[in-house]
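For reference, the structure is listed below as structure tokens.
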Amino acid sequence: MTRKLRIAVVGAGLIGREHARRVLAHPRLELSYVVDPYVDAADTPSGSATALVADLEVALGDVDGVVLATPNPAHRDGALAAIAAGVPVLVEKPIADTVAAAAEIVTAAEASGVPVLVGHQRRHSPLLARAVEVIASGAIGNPVAVMGSALFAKPHDYFDAAPWRREAGGGPILINLIHDIDCLRALCGDITRVQATAGNTVRGFAVEDTAAVVLNFACGALGTFIVSDAAGSARSWEQTSRENPGYDTADDEDCYHVAGTRGSISVPTLRLRTYRGTASWWEPSAVTTIDVRREDPLDLQLEHFEHVIRGNSAPKVTARDGLQSLRVVEAVADSARTGLPVDVPTGRPAPRPATRQTREDSHVVTH
């Protein structure tokens, strides 16, 4: 019989409590510790075998895995402590609050061989995974253009509950865009240059409420992205994917569109447009909608983390992936501040251009 893995959830805030509930419900995991110096026993999910403690060091010698859901500035210290103890860790996104701190985590993880999974849970979404498969199959040809949006309206009490969200670093570039950048990298590969502009005309806070970004991808595609937390719109992943029942949903909207030399795909509706021969505005195209079973990405991420701990899988989103997405977002913030384009180092050579046979003669089966 498979032994239950002992898990420590570090951080008893909103997302930490979500993780704790899922660990408690998992048949092969045990919530052994919830770690938080300000933990409220009455408000924290726990089981008969769960200890509520203030210090991660108390738990590290007694667990098989750590879920790190602390505030972003504490990610570095928590991740490094788990790595030093040889304990696999799931670090909530972003992997750290700065690129320098994220690079420390990457160096420690790769030197030690301790698995680090970054909590970009959308990578576990069947919707995103299917779109990644379609693009990789060559069904739309070589990607040429990418359009994305994260348009939604945060209520007033969102800022009243945490006044720091009115200050620099509290806007949608650093809080929300990290999710979408990771998705776009999954769909089209590394982003090598950005240019951005931002404004705060709606609320007048010290931080932006809206930003527009131009993206250069290593594969040669160009992209645009618009993000706003003051927009009366539902063109965001949360409101189009229907994966979080707490949000109002818009089944007919998309938040990403990838166009290639032979077709295009919209996400998350998964409307696929393809041309039988050479794409042309004179030629007819075929439109299909790919049917995918929807599942909770956080549940799938936890299932994957179990396999990572047991040594059966490598992390789907590595520490280096988390670092690269953070580099892009930091570059966007720098560009918005200076008005200048910013190059994003990838740490690896650019991919070779795909051949016509491997990219344009392949096909995808939809059902």
Original post:
In terms of Cα to Cα distance under 19 Å, which aspartates and glutamates are near enough to LYS316, apart from those fewer than 8 places away along the same chain?
Top reply: ASP64, GLU92, GLU110, GLU133, ASP180, ASP182, ASP190, GLU295, ASP296, ASP299, GLU303, GLU306
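Which value, in debye to the nearest 20, gives the size of the charge dipole of the range 1-153 about its Cα centre, when Lys and Arg are +1 and Asp and Glu are -1 at the Cβ?
Working: 12 positive and 15 negative charges, 139 e Å.
For this selection, approximately 660 debye.
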Original post:
What is the extension gain from GLU283 to ASP343, computed as 0.36 nm multiplied by their sequence separation minus the C-alpha to C-alpha distance, in nm to one decimal?
Top reply: 17.8 nm
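So, counting K/R as plus one and D/E as minus one, what does the shell of residues with Cβ under 14 Å around PRO115 add up to?
Details: positive: ARG310, LYS316, ARG320; negative: ASP64, GLU110, GLU306, ASP321.
Net local charge, PRO115 excluded: -1.
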**OP:** With springs connecting C-alpha atoms under 10 Å apart, model the chain as a Gaussian network and identify which of TYR158, TYR38, TYR256 has the largest mean-square fluctuation.
**Re:** TYR158
**OP:** Between the alpha-carbon centers of the range 142-207 and the range 64-111, tell me the distance in whole angstrom.
**Re:** 23 Å
Subject >> Simple label model, 7 Å out from Cα along Cβ direction - ARG276 to ASP62, nm >> reply: 6.8 nm
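So how much slack lies between ASN312 and ARG294, counting 0.36 nm per residue of separation and subtracting their Cα-Cα distance, in nm?
Gain on extension, ASN312 to ARG294, equals 4.1 nm.
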Original post:
Which whole number in µm²/s is D for the chain by Stokes-Einstein, with the Kirkwood Rh taken over Cα pairs at 25 °C and 0.890 mPa s?
Top reply: 114 µm²/s
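What number, in percent, do you get for the relative contact order of the range 1-94 if the mean sequence gap of Cα pairs under 8 Å and at least 6 apart is divided by its residue count? Write down the numbers at each step before the final one.
Values: 177 pairs, mean separation 28.1, N = 94.
Relative contact order of the range 1-94: 30 percent.
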Original post:
Once every DSSP H run of n ≥ 4 in the chain is given -39500 (n - 2.57) and the sum is divided by its residues, what mean residue ellipticity at 222 nm do you get, rounded to the nearest 500 deg cm²/dmol?
Top reply: -9500 deg cm²/dmol
Original post:
With r defined as the distance between the Cβ atoms of ASN200 and THR44 and R0 fixed at 25 Å, what FRET efficiency is calculated, to the nearest 0.05?
Top reply: 0.10
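In Å², what does the accessible area per residue of the chain work out to with a 1.4 Å probe?
Numbers: 16990 Å² over 367 residues.
Here the per-residue accessible area is 46 Å².
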**OP:** For the chain, calculate the relative contact order in percent as a whole number, restricting contacts to Cα pairs under 8 Å that are 6 or more residues apart.
**Re:** 19 percent
Original post:
When the accessible area of the range 1-110 is split by element with a 1.4 Å probe, what percent falls to carbon and sulfur?
Top reply: 54 percent
Original post:
When we measure straight from the Cα of LYS154, which aspartates and glutamates land under 16 angstrom away, once same-chain ones fewer than 8 places off are left out?
Top reply: GLU167, GLU208, ASP209, ASP229, GLU238, ASP248
Original post:
With a sphere of radius 13 Å drawn around the Cβ of ASP157, what net charge do the other residues whose Cβ falls strictly inside it have (Lys, Arg +1; Asp, Glu -1)?
Top reply: +2
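The values are calculated or read from the model by the stated rules, or taken from the named source; none is laboratory data. Quick caveat: nothing in here was measured; it's all calculated off a predicted structure. Ideal geometry is used to build each Cβ from the backbone, glycine not excepted, and the neighbour counts take in all protein chains shown. For the accessible areas, the whole protein counts, side chains as well, though only heavy atoms, and no ligand, DNA or RNA atoms are used. Shrake-Rupley method; radii C 1.70, N 1.55, O 1.52, S 1.80 Å.
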